[in-house]
Amino acid sequence: RSALFVPGSRPERFAKALASGADAVIVDFEDAVEEPLKRQARDNLGAFLCAHPEAQVWVRINAPQHAEHFEDVAFCKAHANVAGVLLPKVESAAQVAVVAATGKAIWPIIESARGLLALAQIAQAPQVERLSFGGLDLALDLNLSSHSRAAEL
C-alpha cells in the first residue's frame, strides 16, 4: 500500500496527487507547511474539497501542542471527504481522544519517549486504525546518534 504526502500550502498539487494512483493521499498541515502558511493550508484544502466532493484525503494535522491544532481538528470534523487523520507527536490517549471526536480513523505518530511509554494506551484509544512512528524525532528525543559506536572501537 502506498501513501503520498502533499503540502497543504501547494493546492495545485492536490488533484495531481489524487490522480497518482496512491492508495492514500495525505495533505500535510504540519512539517511540510511553513509556520505563516498554516491557516492558508487549511483554507486551500477546504476550497479544494468543496469543489471536489468525490475526493477522499487524509490530513496530517499539527501536533497537540501547536497553536493550530484545535482548528485542524475542527476542519477534519467538518469535512466528510477527510477519510482520516495523522496525529503527530502523540504522547497520550487523551490527545487521541480529542481527535477521535471527529469520527475519523486516526494514525497516531509516536515521536517521543513519552509516546513510547504510553504506547499501549494510545494503541487502544478510540478510532486508532494503525500506529506510526517518526524515526528522526524519536531518535532526537532519545538522544540517539546516527553513527555506530562499534565502528569507533
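Yes/no per residue for (1) over 16 Å from the mean Cα position of the chain (by Cα); (2) within 26 Å of Ala17 (Cβ to Cβ); (3) surrounded by 12 or more Cβ atoms within 10 Å (Cβ to Cβ):
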{"residue": "Lys38", "(1), (2), (3)": "no, yes, yes"}
{"residue": "Val57", "(1), (2), (3)": "no, yes, yes"}
{"residue": "Ala67", "(1), (2), (3)": "no, no, no"}
{"residue": "Lys89", "(1), (2), (3)": "no, yes, yes"}
{"residue": "Ser92", "(1), (2), (3)": "no, no, yes"}
{"residue": "Leu117", "(1), (2), (3)": "yes, no, yes"}
{"residue": "Leu140", "(1), (2), (3)": "yes, no, yes"}
Condition broken by Ala123, with the remaining ones in (1) exposed (fewer than 15 other Cβ atoms within 10 Å of the Cβ); (2) within 25 Å of Leu4 (Cα to Cα); (3) at pLDDT below 95 satisfied: (3)
Looking at region 8-20 only, could you name the residues that are closer than 19 Å to Gly84 by Cβ and exposed (fewer than 14 other Cβ atoms within 10 Å of the Cβ)? Ser20
Residues of region 69-87 being small (Gly, Ala, Ser) and either more than 21 Å from Leu18 (Cα to Cα) or crowded, with 17+ Cβ neighbours inside 10 Å (or both), which ones? Ala74, Ala83, Gly84
Can we say Gly134 is within 21 Å of Leu4 (Cβ to Cβ), surrounded by 14 or more Cβ atoms within 10 Å (Cβ to Cβ) and of a type outside the set (Asp, Glu)? yes
A careful count of residues in region 26-58 that are in contact with a Leu (Cβ under 9 Å, 6 or more places away or on another chain), of a type outside the set (Gly, Ala, Ser) and more than 13 Å from Val6 (Cα to Cα) gives 2
For region 53-153, please list each of the helices (runs of 4 or more DSSP H) lying entirely inside it that holds at least 2 residues being within 20 Å of Arg42 (Cβ to Cβ) and in contact (Cβ under 8 Å) with a residue 24 or more places away in the chain. 69-78, 93-100
In the list Asp72, Asp137, which residue meets the criterion of being of a type in the set (Asp, Glu) and modelled with pLDDT under 95? Asp137
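The values are calculated or read from the model by the stated rules, or taken from the named source; none is laboratory data. All values reported here derive from a predicted model rather than from experimental measurement. Every residue, glycine among them, receives a Cβ derived from its backbone with ideal geometry; neighbour counts consider all protein chains shown.
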